[in-house]
1. Report, by residue number, each residue of the range 512-548 that is surrounded by 10 or more Cβ atoms within 10 Å (Cβ to Cβ) and modelled with pLDDT under 65.
2. Scan the range 64-89 for residues that are part of a helix (DSSP H, G or I) and more than 13 Å from the chain's Cα centre (by Cα) and jot them down.
3. When you look at residue 103, is it in contact (Cβ under 8 Å) with a residue 40 or more places away in the chain and surrounded by fewer than 22 Cβ atoms within 10 Å (Cβ to Cβ), yes or no?
4. Pick out, from the range 244-336, the strands (runs of 3 or more DSSP E) lying fully within it that include 2 or more residues that are at pLDDT 60 or above and under 24 Å from residue 15 (Cα atoms).
5. Return yes or no: is residue 254 within 26 Å of the chain's Cα centre (by Cα), more than 30 Å from residue 57 (Cβ to Cβ) and surrounded by 19 or more Cβ atoms within 10 Å (Cβ to Cβ)?
6. Please count how many residues of the range 166-200 are over 18 Å from residue 238 (Cβ atoms) and in contact (Cβ under 8 Å) with a residue 12 or more places away in the chain.
7. Within the range 413-465, count every residue that is exposed (fewer than 14 other Cβ atoms within 10 Å of the Cβ), over 29 Å from the mean Cα position of the chain (by Cα), at pLDDT 90 or above and not in a helix (DSSP H, G or I).
8. Go through 237, 206 for me and flag whichever is more than 23 Å from residue 158 (Cα to Cα), free of Cβ contacts under 8 Å to residues at least 60 places away in the same chain and not in a helix (DSSP H, G or I).
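The values are calculated or read from the model by the stated rules, or taken from the named source; none is laboratory data. Note that the structure is predicted; figures quoted are calculated from it, not measured. Because the Cβ atoms are built from the backbone with ideal geometry, glycine has one as well, and the counts that use them run over all protein chains shown.
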């Protein structure tokens, strides 16, 4: 079995394994994410895709959660990560700090100049609805020398299948894409066409559609600095119709971001808040649908009368109209018997449950009370909300944020987008043979999760040290105020450039102490001279000038 047959066999097996998820994704999309409701069915562009939605609570809640994740984890305007050294000693070296800060700034600017903002928002939308997402990060093609920028592409759930390794991390991705012959030639070149493609090209059937499967999987016999066909991650494009390879190359790193919102141990795809809330979402939409039908009946009522009791054969219900009935017959309104009060209570209950499933009750600030909240109370409230969401977001740090920063760093480093690193970094890498640069996240959620130490220290100072110092002032010596200030700055995400290292702090204090000691000594000498002068033990200063 050649490589193309192996890839197609693997793709077909993984597609069969995901069949149940595909049906679930279609159901979720129709209720929560209608713009992607084409997973198990094909829709023509521009057709209506929200026929099953009668209440927008789930749609708005999923969108709001996605926007909140984007603003707190990967803000478009506020830097949300710092590059740091794994060796803490190197982080205190001025040249190393400058290089890390400059490289961080260049990475953040590269992300801002790319389509990262729109692609990552789609990623978060997929996570809140489907529980899984797939995004490709590559360097943009350029005809100029050097770094060409970044480009991101988030794929539909219907386009891909994947598998995981022993650590439950995604390591195989197979994407199927329908392309016409002209697009294939533009993408791969005429010399890459397979047998059936060449036949269609020869017959000028340029609009013929072919299914191209792109497979990315790990190689066991790779060479890190070898040709593309020997790189650690294989990249193979195969034509599904004639089972022939179009192009084979490779990646030095796994090019995809494949995060999952939450996981079940026996599944390779993620689970989402929308899945948890799906029964309530179905029931709410059904109730609102029935309520709308009942409202129509309540507004445009039906009437009952005797058989052939209305003269003319029909009831006239226009304003100021008269309906004639036969003598002895009657005409009265047929009520619906609908209990809209009960319906409204159930609607509110379901809407609240759906919002809670999407963490909306934790994302929104409480309504204003008679006494406005102070800035400290607002900060504590925000930290509490993000802290509650922390456990659900820890997986995103591992599967989305770290791979994103690592891939961006490697793409830019390979393209020469950074200045040459200081010799200390080069020597550290030569000594360890391992990556020596890592990432420190400082977004709103990361800061909230790291603030526990600061909050505990503040309570310790206010509730323990303060009262103890009033009894015994020497107890204040227990507090290492330098360590407290430095820890608070790091936890709050203060830039390293604003925090002096310990050597500079020591030098500043020594200079200040020496100046204070010199001033005290001078003052002491002046006091001694003044005392001696009053006692008549010294002569006026003028007497010492010139011979006597």
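1. Hit for the range 512-548 is 538, nothing else.
2. 88, 89
3. Numbers: in contact (Cβ under 8 Å) with a residue 40 or more places away in the chain: yes; surrounded by fewer than 22 Cβ atoms within 10 Å (Cβ to Cβ): yes.
Answer is yes for this residue.
4. It comes to 244-251.
5. Judged against the criteria, residue 254 is a match.
6. Adding up the residues that qualify gives 5.
7. Number of matching residues: 1.
8. On inspection, the qualifying residue turns out to be 206.
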